[in-house]
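Structure first, commentary second.
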Amino acid sequence: MTDSNLPMAVGKSLPASTEAASGREFVTMIIDGQIFGIPVLQVQDVLGAQKITRVPLSPREVAGSLNLRGRIVTAIDVRTRLGIPDREAGSKSMSVVVDHNGEFYSLIVDQVGEVMSLAATDYEQTPATLDERWREISDGVYRLKDTLLIVIDVKRLLRLEELTAA
């Protein structure tokens, strides 16, 4: 999916499908070749590369803040949060904006994919063999044809204050 094909306001405006009624819909993201999903109803917006202002003394996972239509949004580098090496200099990123407790957060990822409807019967618990940092933010997995989709629990992903204290 190219930047021009991305839905700009993903979320509550998407039509419900019959498959979604028996399962769940996710906005998919690619990070270092791995596919992740966030429940579509938690996604407020999808953005291309943004100008991010660094916030002094913030946790390493906090890339900074950005201005989204006059609202200050905290930008989280999901690669850093998951212990994945930094992206190569000059490589583009995208953001998925989520609402958590009335605050907007921009989750910086390598690429945003499509909205997927997945059957509830295909859902599995997070495997014990998954990396510890990935397990702590995972809400389960779906086995796709050639890969595993890891469902991100946004609430757990954004527990940055606990990480800083540790």
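The values are calculated or read from the model by the stated rules, or taken from the named source; none is laboratory data. Just so you know, these numbers come straight off a predicted model, no measurement behind them. Neighbour counts are summed over all protein chains in view; Cβ atoms, including those assigned to glycine, are modelled from backbone coordinates with ideal geometry.
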| query | Just one of 151, 115 is in a strand (DSSP E or B) and touching a helix residue (DSSP H, G or I) at 6+ places or on another chain (Cβ under 8 Å); which is it? | reply | 115
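Pick from 159, 135: which is out of contact with any helix residue (DSSP H, G or I) (no Cβ under 7 Å at 6 or more places or on another chain), under 23 Å from residue 60 (Cβ atoms) and modelled with pLDDT under 90?
Testing whether each residue is out of contact with any helix residue (DSSP H, G or I) (no Cβ under 7 Å at 6 or more places or on another chain), under 23 Å from residue 60 (Cβ atoms) and modelled with pLDDT under 90 leaves just 159.
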| Residue list for region 108-129, filter: modelled with pLDDT of 90 or more and farther than 30 Å from residue 54 by Cα | 115, 116, 117, 118, 119, 123, 124, 125, 126, 127, 128, 129
| task | Answer with yes or no whether residue 17 is among the hydroxyl-bearing types (Ser, Thr, Tyr), at pLDDT below 95, exposed (fewer than 13 other Cβ atoms within 10 Å of the Cβ) and within 21 Å of residue 140 (Cα to Cα). | result | no
| query | Restricting attention to region 43-97, and to residues there that are under 17 Å from residue 157 (Cα atoms), without any contact (Cβ under 8 Å) to a residue 60 or more places away in the chain and outside any strand (DSSP E or B), which single residue is farthest from the chain's Cα centre (by Cα)? | reply | 58
| request: Could you check, for region 100-110, whether at least one of its residues is within 15 Å of the chain's Cα centre (by Cα), part of a helix (DSSP H, G or I), at negative phi and not charged (D, E, K, R)? | output: no
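Here are 93, 106, 117: which of them is buried (at least 19 other Cβ atoms within 10 Å of the Cβ), of a type in the set (Ser, Thr, Tyr) and closer than 18 Å to residue 35 by Cβ?
None of the other options fit; the residue is 93.
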| Can you name the residue in region 127-146 that is touching a residue at least 24 places away in the same chain (Cβ under 8 Å) and farther than 22 Å from residue 95 by Cα and, of all such residues, is surrounded by the fewest Cβ atoms within 10 Å (Cβ to Cβ)? | 131
